[in-house]
Amino acid sequence: MIYRLAILLRNAFLYLMLAGSAQADIVWHWQDDFSGQEKERLKTWITRTVAAVETLVAPYPFDVHIHFYRMPGRGEPVPWANTRRGRVQGVNFHVDPSYSLQSFLDDWTAPHELSHLLIPSVGDRYSWFAEGFASYMQYQVMMELGVLSRKQVADKYQRHITQAYENYRLHRLPFDRAAAELRRRRAYSTLYWGGAVYFLQADFQLRQQNSSLTELLVDYVACCRTQPNGLAELVEKLDGLSGSDIFSSQLRVMQKQHGFPLFSVILPPS
Ligand SMILES: [Zn+2]
């Protein structure tokens with residue numbers, strides 16, 4: 001309870017700081033025709049998800065541009081989505097607007113895509129890092145949204161990571177080298193959840209130092225998110241902010257250690 005109060009106070013402080021500098025907002029782009037009712041439902045879904053990311057971590061220090069496209073008849077509310085990482089930061093959502101608000105809130109796509117925006121694009125070469133990050137964060141955002149319990153998040157981590165471990169066949173390659181081949185084979189789940197082990201391990205080590213990944217991200221977003229960062233700079237910043245070498249040493253494990261990245265304990269989120 002005290003911890004939650006501390007987070008609320010911290011976020012209120014960050015909001016005040018940001019209000020003085022940048023005005024972060026959601027900017028809506030309707031790429032296809034949507035009815036007034038559909039627009040309201042889609043806006044509620046994204047507004048709530050953005051609020052969950054900002055409560056869990058920190059307010060985005062820039063406007064978030066949301067583009068909606070119609071994609072009906074695929075059997076799911078969000079058949080396709082991807083981030084926009086140019087001059088502006090945002091997400092393209094291809095949606096079937098016939099689904100209910102609850103169906104959209106129960107879907108992991110928006111928590112995943114909006115989590116991507118918390119760190120800069122690190123390039124295709126390191127897509128395992130970006131996807132691992134968004135995969136690790138997405139269920140915590142869903143917990144913040146109130147659609148998953150802490151135990152359900154831990155169970156999902158356990159299931160996805162164990163499945164990725166069992167499906168991994170490139171035992172003679174370090175994961176960082178295997179990533180391109182996994183992408184070529186369209187083994188996306190193995191790629192994403194193998195990458196998530198990097199963040200699971202980093203979070204585990206941070207929590208042994210009485211910190212956590214989300215706590216560290218608060219500092220990162222406030223100081224450094226708007227600076228251009230490649231992977232090396234990002235890892236160096238995270239090491240610096242945590243006063244440790246957790247991120248660079250875990251990166252070396254992914255780059256040097258053959259086989260699927262090892263993991264110790266899969267903890268529920270903090
Ligand atoms: Zn992604």
In the stretch 146-176, anything over 19 Å from ARG186 (Cβ atoms) and among the polar types (S, T, N, Q) is listed as SER149, GLN152, GLN158, THR162
Apart from one, (1) under 17 Å from TYR192 (Cα atoms); (2) surrounded by fewer than 19 Cβ atoms within 10 Å (Cβ to Cβ); (3) not assigned by TED's automatic domain parsing to the domain that holds ARG48; (4) not aliphatic (A, V, I, L, M) all hold for TRP108; the odd one out is (3)
Those residues of the stretch 93-117 that are in contact with a Phe, Trp or Tyr (Cβ under 8 Å, 6 or more places away or on another chain) and touching a residue at least 40 places away in the same chain (Cβ under 8 Å) come to a total of 10
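Can you find a residue that is free of Cβ contacts under 8 Å to residues at least 60 places away in the same chain, more than 25 Å from THR47 (Cα to Cα), not assigned by TED's automatic domain parsing to the domain that holds LEU101 and not basic (Lys, Arg) anywhere in the stretch 147-155? Steps first, answer last, please.
First, the residues of the stretch 147-155 that are free of Cβ contacts under 8 Å to residues at least 60 places away in the same chain: 147-149, 152, 155.
Right, trim to more than 25 Å from THR47 (Cα to Cα) and you get 155.
From what is left, the residues that are not assigned by TED's automatic domain parsing to the domain that holds LEU101 are 155.
When the remaining residues are screened for being not basic (Lys, Arg), the result is 155.
The answer is yes, given that some residue of the stretch 147-155 is free of Cβ contacts under 8 Å to residues at least 60 places away in the same chain, more than 25 Å from THR47 (Cα to Cα), not assigned by TED's automatic domain parsing to the domain that holds LEU101 and not basic (Lys, Arg).
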With the first residue restricted to the stretch 121-140 and required to be of a type in the set (Val, Ile, Thr), and the second required to be within 12 Å of the ligand (Cβ to nearest atom) and part of a helix (DSSP H, G or I), Cβ contacts under 7 Å at 6 or more apart or on different chains are VAL122/PHE129; VAL122/ALA130
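Looking only at residues that are polar (S, T, N, Q) and surrounded by fewer than 23 Cβ atoms within 10 Å (Cβ to Cβ) in the stretch 127-149, which one is nearest to the ligand (Cβ to nearest atom)?
Quick first cut of the stretch 127-149, residues polar (S, T, N, Q) only: 127, 135, 138, 140, 149.
Then keep just the ones that are surrounded by fewer than 23 Cβ atoms within 10 Å (Cβ to Cβ); that gives 127, 149.
Working: SER127: 8, SER149: 24 Å.
Among them, the one singled out is SER127.
Working only within the stretch 71-126, note down all residues that are among the hydroxyl-bearing types (Ser, Thr, Tyr) and away from the ligand (no atom under 16 Å from the Cβ). Lay out the reasoning, then the answer.
Restricting attention to the stretch 71-126, the residues satisfying the condition of being among the hydroxyl-bearing types (Ser, Thr, Tyr) are 83, 98-100, 103, 109, 115, 121, 126.
Residues satisfying the conditions are SER98, TYR99, SER100, SER103.
The values are calculated or read from the model by the stated rules, or taken from the named source; none is laboratory data. Predicted model, so just to flag it, every value in this text is computed and none were measured. Because the Cβ atoms are built from the backbone with ideal geometry, glycine has one as well, and the counts that use them run over all protein chains shown.
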